[in-house]
1. For segment 10-47, give me each residue that is of a type outside the set (A, V, I, L, M), over 19 Å from Gly132 (Cα atoms) and in contact (Cβ under 8 Å) with a residue 40 or more places away in the chain.
2. Identify, please: which residue in segment 53-77 is among the aliphatic types (A, V, I, L, M) and more than 19 Å from Ile89 (Cβ to Cβ) and is, among those, surrounded by the fewest Cβ atoms within 10 Å (Cβ to Cβ)?
3. Just one of (1) at pLDDT below 95; (2) charged (D, E, K, R); (3) on the phi > 0 side of the Ramachandran plot trips up Glu176, so point out which.
4. If I filter segment 278-291 for residues that are surrounded by 19 or more Cβ atoms within 10 Å (Cβ to Cβ), among the acidic types (Asp, Glu) and modelled with pLDDT of 95 or more, do I get at least one hit?
5. Among the listed residues Arg50, Arg84, identify the single one that is out of contact with any Leu (no Cβ under 9 Å at 6 or more places or on another chain), in a loop (DSSP other than H, G, I, E, B), among the basic types (Lys, Arg) and surrounded by fewer than 24 Cβ atoms within 10 Å (Cβ to Cβ).
6. Within segment 1-47, can you find the residues that are of a type in the set (Asp, Glu) and either at pLDDT below 95 or crowded, with 22+ Cβ neighbours inside 10 Å (or both)?
7. Residue check: is His221 under 19 Å from the mean Cα position of the chain (by Cα) and surrounded by fewer than 23 Cβ atoms within 10 Å (Cβ to Cβ)?
Amino acid sequence: MSPNYALLEAPSTLGLRSDGVQKLPDRLLQLGLADDIRARRAGRVAVPTRPGERDPQSTVLNADAIVNWSPKLADAVEVILGRREFPVILGGDCTILLGSMLALRRRGRFGLLFIDGNADFFQPEAEPNGEGASMDLAWVTGHGPDKLTNIEGRRPLVRDEDVVAFAFRDHEDQREFGSQPLPPTLEAIDLPLVRSLGVEAAAQRAVAHLTRPELEGFFIHVDADCLDDATMPAVDFRVPGGLTPGELLAVLRAALASGRAVGIEVAIYNPKLDEDGSAGERLAAIMKEALRRSPIAQGNAVPAGTSRHPSAPSGW
């Protein structure tokens, strides 16, 4: 019988100008993540060399490379789902989200729990460097250049109303650079609201939204910069504040305990910026604790729906 978890390496830096996040999989594997959650090693999706140029039409950095690589990641994720396993995807920058959500969009209607210190809803004209890692949530929900939002003709990869943006705190940055606002139908539980409600209540609110009967399940995106800056300084864009390790663990436990989560990805942790290695150790410890104690580890997960993989988008 196959293990319940399948660990897939997706070390893309296509959404950034900087380097280092491609070392995330190696570091978490060195810290025993695969062994401790008894995950099958599902391989690594090769990433092309970054062109380092902004697309003349969309103004997005490495746009064509992102568009061409994302379906390859989606294919690898679909293989895991087809084996009735739970993908644990190690990035990379946040644009890996396109491949993950494309795999699920091919199969049906799924939600997204987006746990991130940033809302990642910039439009290209407001992103100073054209970095896709600041625009990934906008793209998967269909807001942005057609090239990046309509991969395989499947826009949106996830509906606005099927997303929870959880614990973001980049409000000042959004105002400074003029990011487009989050859609009103998208469930926004920013860090101030998490603090107001309490993390347990906020997590339950998020889970309730993502376990509605019309959804076949939901995917979990974890950007390491959701953690408090003092706990996780090893990220390229630092913002004061953030979740404590215990709070992130509580959110992940609530999401996984629902039995409706169908996969998880981790992004943005940069080992090059982790001088003493402690930030990586904290991140690995959180992931191990959350995944070891989840229903998936006990074989009680609900598999992502039977693959339909239609040649054209299914009607929503």
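1. Across segment 10-47, the qualifying residues are Pro25, Asp26, Arg27, Gly32, Asp36, Arg38, Arg40.
2. Ala63
3. The single condition Glu176 does not satisfy is (3).
4. No: zero hits.
5. None of the other options fit; the residue is Arg84.
6. Glu9, the sole residue that qualifies.
7. In short, no.
Every residue, every condition in (1) touching a helix residue (DSSP H, G or I) at 6+ places or on another chain (Cβ under 6 Å); (2) under 30 Å from Arg38 (Cα atoms); (3) assigned to a strand (DSSP E or B); (4) not hydrophobic (A, V, I, L, M, F, W, C), yes or no:
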site	(1), (2), (3), (4)
Asp75	no, yes, no, yes
Leu104	no, yes, no, no
Ala138	no, no, no, no
Ala165	no, yes, yes, no
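The values are calculated or read from the model by the stated rules, or taken from the named source; none is laboratory data. What you see is a predicted model; the values in this text were computed from it and never measured. Positions of Cβ are generated from backbone atoms using ideal geometry, with glycine treated the same way; all protein chains shown enter the neighbour counts.
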